[in-house]
Amino acid sequence: PEAAPGFAELAGRAGCAQAITGLLLLLPLHRRRGQCFVPSDILAAAGTTPEEFVKGEGGAAAERAVVAMIALAREHLNAFEKGAPALPVSLRPAFLPLALTNAYLDKMEKAGSSALRRTAALSTLRRHWLLLRYAMRGWMPL
């Protein structure tokens with residue numbers, strides 16, 4: 001408990017990376033529901049609007065918005081991973097779910113425009129393998 005406050009910024013980076021990845025994974029569902037949770041400034045920079053993005057009329061601009069969101073998630077993940085080795089051993093288990101984030105981002109990046117229509121999935125074996133690797137190494141460089 002005494003060490004945790006000193007790692008609040010690192011925890012924030014981890015939370016942002018995981019939240020953005022979760023948002024991207026749920027994009028197809030959100031779009032079917034007519035919902036858009038991608039920030040409007042990112043959509044505008046990509047050249048689309050929330051309405052176009054949800055209706056599927058964004059075309060290449062919608063894809064650019066997804067690429068920008070992936071880049072933002074990676075920025076937060078990289079910042080977390082840079083500081084993760086300094087985490088006390090007692091705090092490391094709290095960040096174990098983040099072990100899947102990079103794999104999901106890779107999968108969405110490779111999916112390209114289909115990430116707007118289909119949720120990226122990792123096999124159960126892959127998810128468990130990643131979790132085991134990170135649990136055993138404690139966020140030390142792989």
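Throughout, read-outs are computed from the coordinates displayed, never taken from laboratory work. Note that the structure is predicted; figures quoted are calculated from it, not measured. Cβ: placed from backbone, ideal geometry, glycine included. Neighbour counts: every protein chain shown.
Show the residue pairs meeting these rules: Cβ distance below 8 Å; 6+ apart or different chains; first residue within segment 2-27 and in a helix (DSSP H, G or I); second residue of a type in the set (Lys, Arg).
Ala17/Arg74
Could we say that Glu52 is closer than 28 Å to Pro1 by Cα and either acidic (Asp, Glu) or in contact with a Pro (Cβ under 9 Å, 6 or more places away or on another chain) (or both) here?
Answer is no for this residue.
Can you find, within segment 43-61, the residue that is surrounded by the fewest Cβ atoms within 10 Å (Cβ to Cβ) among those that are aliphatic (A, V, I, L, M) and closer than 15 Å to Gly112 by Cβ?
Ala60
Has segment 61-75 got any residue that is touching a Lys or Arg at 6+ places or on another chain (Cβ under 7 Å), closer than 30 Å to Gly47 by Cα and in contact (Cβ under 8 Å) with a residue 40 or more places away in the chain?
No, segment 61-75 contains no residue that is touching a Lys or Arg at 6+ places or on another chain (Cβ under 7 Å), closer than 30 Å to Gly47 by Cα and in contact (Cβ under 8 Å) with a residue 40 or more places away in the chain.
For segment 38-46, indicate whether the set of residues that are outside any helix (DSSP H, G or I), out of contact with any Gly (no Cβ under 8 Å at 6 or more places or on another chain), without any contact (Cβ under 8 Å) to a residue 40 or more places away in the chain and β-branched (Val, Ile, Thr) is non-empty.
Yes: one or more hits.
Which of the residues spanning segment 114-142 are surrounded by 14 or more Cβ atoms within 10 Å (Cβ to Cβ) and under 23 Å from Arg32 (Cα atoms)?
If the condition is that a residue be surrounded by 14 or more Cβ atoms within 10 Å (Cβ to Cβ) and under 23 Å from Arg32 (Cα atoms), then Ala115, Leu116, Thr119, Ala120, Leu122 are the ones that fit.
Collect the residues in segment 82-99 that are closer than 24 Å to Leu125 by Cβ, touching a residue at least 60 places away in the same chain (Cβ under 8 Å) and surrounded by 16 or more Cβ atoms within 10 Å (Cβ to Cβ), keeping them in residue-number order.
Listed by number, the residues that qualify are Phe95, Leu98.
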